[in-house]
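Take a look at the structure set out below.
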Amino acid sequence: MGVLSVCAALFIMVVITVCSLPLSYEVRLVIGTPFTLHWRMQWLGHAFYYEWDYEAGKPPQKKCFLRWRDYYREKRYEEWLSRHVKDAIGSWDEGIWDELEEESQGVTYDSLLKGQAAKNLRDQLKDQFWWWPLVVNGSFGRVFGHFLLSVLFHSRIRQFYFEGSIGLPQPYETGMLSALLYAAIPANISNLNFNYTEEEYDCHGYANGRMYPVVLLVHILAFLRTKPMKILLTHWFKRRKEKDHG
């Protein structure tokens, strides 16, 4: 019994120590032509690594490593394998695939908007976004806002700034934006100019810092224990159970 207790205590200590190692992050934002957004998170080298790079008009570029393994490379291999299996099955009976293709070509956008098809489409969207009313309400907004502020407060930002010039379509909108930023982050926008005479988007921002997984886990657990989140999780588990059991 003593040996098991010692092993359990050592295991807990190792878990706490590992979770106390910081997770670093970096965000780059360019509001201009083109609009670009880049963010990266990294923990223990490539034990967890995620990079997301987006440029307006182009598909996002993503990199992900889990447990030092390239997640997207393995996913692409699985998709390649699945596609070749499908091609092999299709070669066994090409007539079935031809029939399915003819049926799919017979379905048009206009037909989906008429009669029973439109009702089915609405029901499908309602079923797919069942969580929307549970999320878009004051109770959930308050607890999520508190959770978000707690995470931001803990995020230990080392560098954060906005530079350039920005002007919204209406002067009062630019004034509201400037008042909000000067009230929230006055020291980080000293090189940001506001254009009240014309619309302008020529600025960029940068932020980096670190978070501790063990503290982040505490905030997540506290958020999951709130009443709005419990209601959302109850509905989610109920739906999963219904789907699993038909």
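Here is a check on your reading of the model: is Ile16 touching a residue at least 24 places away in the same chain (Cβ under 8 Å) and out of contact with any Phe, Trp or Tyr (no Cβ under 7 Å at 6 or more places or on another chain)? Spelling it out, Ile16 is indeed touching a residue at least 24 places away in the same chain (Cβ under 8 Å) and out of contact with any Phe, Trp or Tyr (no Cβ under 7 Å at 6 or more places or on another chain). It is to be established whether one or more residues within segment 208-226 are among the charged types (D, E, K, R), surrounded by fewer than 13 Cβ atoms within 10 Å (Cβ to Cβ), at negative phi and in the same structural domain as Pro34 (by TED's automatic domain parsing). No, every residue in segment 208-226 fails to be among the charged types (D, E, K, R), surrounded by fewer than 13 Cβ atoms within 10 Å (Cβ to Cβ), at negative phi and in the same structural domain as Pro34 (by TED's automatic domain parsing). Candidates in segment 59-71 are the residues that are of a type in the set (A, V, I, L, M, F, W, C) and in a strand (DSSP E or B); of these, the one that is farthest from Val30 (Cα to Cα) is Leu66. Is one or more of the residues making up segment 10-26 modelled with pLDDT of 90 or more and closer than 30 Å to Gly167 by Cα? The answer is yes; a qualifying residue exists. Here Asn120 clears all of (1) modelled with pLDDT of 75 or more; (2) surrounded by 11 or more Cβ atoms within 10 Å (Cβ to Cβ); (3) assigned to a helix (DSSP H, G or I) except the condition numbered (1).
Being closer than 30 Å to Thr17 by Cβ, within 19 Å of the chain's Cα centre (by Cα) and aromatic (Phe, Trp, Tyr): is that true of Phe147 here? So Phe147 passes the test. Among the strands (runs of 3 or more DSSP E) confined to segment 126-226, there are none with at least 2 residues that are among the polar types (S, T, N, Q) and touching a Leu at 6+ places or on another chain (Cβ under 7 Å). Checked against the criterion of being closer than 30 Å to Lys238 by Cβ and within 18 Å of the chain's Cα centre (by Cα), segment 153-166 has no qualifying residue. Name the residues in segment 142-157 that are among the hydrophobic types (A, V, I, L, M, F, W, C) and farther than 13 Å from Pro213 by Cα, would you? Across segment 142-157, the qualifying residues are Val143, Phe144, Phe147, Leu148, Leu149, Leu152, Phe153, Ile157. Tell me yes or no: at least one residue of segment 126-134 is more than 20 Å from the chain's Cα centre (by Cα) and surrounded by fewer than 16 Cβ atoms within 10 Å (Cβ to Cβ). Yes; the residues of segment 126-134 include at least one that is more than 20 Å from the chain's Cα centre (by Cα) and surrounded by fewer than 16 Cβ atoms within 10 Å (Cβ to Cβ). Yes or no: segment 184-191 includes at least one residue that is closer than 29 Å to Ser139 by Cα and surrounded by 13 or more Cβ atoms within 10 Å (Cβ to Cβ). Checked against the condition, which is being closer than 29 Å to Ser139 by Cα and surrounded by 13 or more Cβ atoms within 10 Å (Cβ to Cβ), segment 184-191 yields at least one hit.
The values are calculated or read from the model by the stated rules, or taken from the named source; none is laboratory data. Owing to the predicted nature of the structure, the values given are computational and were not obtained by experimental measurement. Every residue, glycine as well, gets a Cβ built from its backbone with ideal geometry; the counts of neighbours run over all protein chains shown.
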